[in-house]
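What follows is a single structure, written as structure tokens, with notes after it.
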Amino acid sequence: MNNGCLENRKKEHDNSRKRPKSYKFGSKSDDFALAIAKVAVGQLCESVGFQGFHLSALETLSDISVRYIYSIGKTANLSANLAGRVEGNVFDIIHGLEDLGSNLGFSGASDVDRCVVSSGVVKDITHFVGVSDFIPFAYDLPGFPVVKESTKTGSFWEKGEDPPGEHIPSWLPAFPDPETYETRLSVENETMGVSNGKKSESELERVERNMDRSLLNLQLRFAHNENKGRSSHGSGYVATESNPYLAAPLHVGEKQVSPVVLPTKLSNEVALRNPVHVDVGNHVSVLETFAPAIEAMKSGLCDPDNGKKKLLYDQRPTVRFKIGIGKKSLGTISDLNSQNEEDPLKIASWFGNDNEKDDKKRRVEKILKESVESSKE
Amino acid sequence: MNHNRQSNDGKHDDDSALSDFLASLMDYTPTIPDELVEHYLAKSGFQCPDVRLIRLVAVATQKFVAEVANDALQHCKARQAAVVKDKREKQQKDKRLILTMDDLSKSLREYGVNVKQQEYFADSPSTGMDPATRDE
């Protein structure tokens, strides 16, 4: 088990870890004491001559030994209470031992006038002590259970104050300090002119003001630390004091940020809206990259439906509604977006379902023919 | 009168014997630690500031456990001796004495503690019954 010298063996039917015993010996709070008991009982069994145990047997025996202690204590307490005492003495314990040993019997049990002092139980124990070897417990134990130190209630007596009035006993908790509930005469009477009735609010306001002040101090301290960090950047890493989330916000252009790649349509609209946009470097680069495409778009736009498109851009640049005359608009879409030869399949895919491919194809081909004819016209 | 004096002397002897014994307990540290005994005595409600009484309870418990373990050991050895009569090989193999629930329950029964275990665990009520009597 816990000792290196003791060995455990697995058995056929292992009892479950959950103990279906009475709550006072099976609860989780008793685990520590039961574990200690197991070690002690294991040591005793080893001294008797055993070389190994079944775990269930060890647990059973340790549980029984613990109950033995408990029952001695219970009987001793009972006999002490019967005698009108609160604390037990040696006679109470001997009574308890006699009670527990009565079914097996001890010498002198049948004597009518027997004295507890000369009880056979004590003689047996004395004999046992003389015979048995000295086997100390394997571990050093602290006193348990650890008693939590009780918090001071802050009574009058503890604080050393005299309770106001004779009717208040000194063991009661003391009254709060008068500063917490009285208005301050120095400053607050000036600021709050007619606020005699608002004593409670002044306390709240004071607390809030303190909070604000402390927050402000905190912020100032962080700003100060940040400045410190920036100035002494080479010297060390000021990680603990400078919190990046509390740092002052950066101005535009202070820090190099990766450029945002806008989608093509949006970039064109931006270019058309702001043809001269110099101060922000990102947009200029986008403009430059998409310049040929923009030119192509422009050329494509100007040819068929000039006025309509311009109208659209002036009003709603971001959303493009092609409100053409039915077939013509479709034709313009095809002209604009596919610079190469039109792929009927590609155009067909715009119109949705693959199930009706054949019908769609035919329709698309018709439309294309018509649009080409109209443009030629 | 004489009888009383003799009994008084006897009582004094007993008293001294008891007090001597309690004093000697402080030299002998029992295997069961004092803290454990104190914990369970406190749980039972027994209040006592005297350390010697706690030692007394510890020694008494140690005696009890030693007796139970001794009886279990006797049972274990008896079983091994019975087996050895049949096969002499087992004497060499099973030299190890192991505390089993079987031996423990036999020894505890004499002390008035009934510890009984299941012989086997069945998965359904009809396990182990004759196939003819099963309702399937």
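Read the figures in this text as sums done on the coordinates, not as results from a lab. Being a predicted model, the structure only gives us computed values, none of them experimental. Virtual Cβ from ideal backbone geometry, glycine too; neighbours counted across all protein chains shown.
Mind scanning A:K24/A:K123; A:K38/B:K43; A:K123/B:K95; A:K28/B:K95; A:K322/A:K376; A:K24/A:K148 and naming the pairs with a C-alpha gap bigger than 27 Å?
Exceeds cut-off: A:K24/A:K123; A:K123/B:K95; A:K28/B:K95.
Listed highest first by mean packing, meaning other Cβ atoms within 10 Å per residue, what order do A:109-117, A:255-263 come in?
The most tightly packed comes first, giving A:109-117, A:255-263.
Determine, for A:I93, A:I168, A:I323, the number of other Cβ atoms within 10 Å of each Cβ, and report the residues in order from fewest to most.
Fewest-to-most Cβ neighbours within 10 Å comes out as A:I323, A:I168, A:I93.
I need the peptides A:144-151, A:27-34, B:57-64 ranked by packing, meaning the mean over residues of other C-beta atoms within 10 angstrom, with the highest value on top.
Listed from highest to lowest mean packing, they are B:57-64, A:27-34, A:144-151.
What's the average, rounded to a whole number, of partner chain beta-carbon atoms within 10 Å of each residue's beta-carbon in A:149-162?
For this peptide, the per-residue mean of nearby foreign Cβ atoms is 0.
Can you list, bin by bin at 10 Å, the percent of alpha carbon pairs in the stretch A:48-186, starting at 0?
9, 19, 23, 15, 11, 12, 8, 3, 1
Treat each spin label as a single point 7 Å out from the Cα along the C-beta direction, and report the B:Y28 to A:F128 distance in nm.
0.9
Taking every residue in A:71-84, how many Cβ atoms of other protein chains lie within 10 Å of its Cβ, on average?
4
Determine, for each peptide in A:61-71, A:170-180, B:39-49, the mean count of other beta carbons within 10 angstrom over its residues, then list the peptides with the highest first.
A:61-71, B:39-49, A:170-180
Report, as an integer, the average count of C-beta atoms from other chains found within 10 Å of each Cβ along A:128-137.
5
May I ask you to sort B:E67, A:E373, A:E158 by Cβ crowding, counting other Cβ atoms within 10 Å and putting the fewest first?
In order of increasing Cβ crowding within 10 Å: A:E373, A:E158, B:E67.
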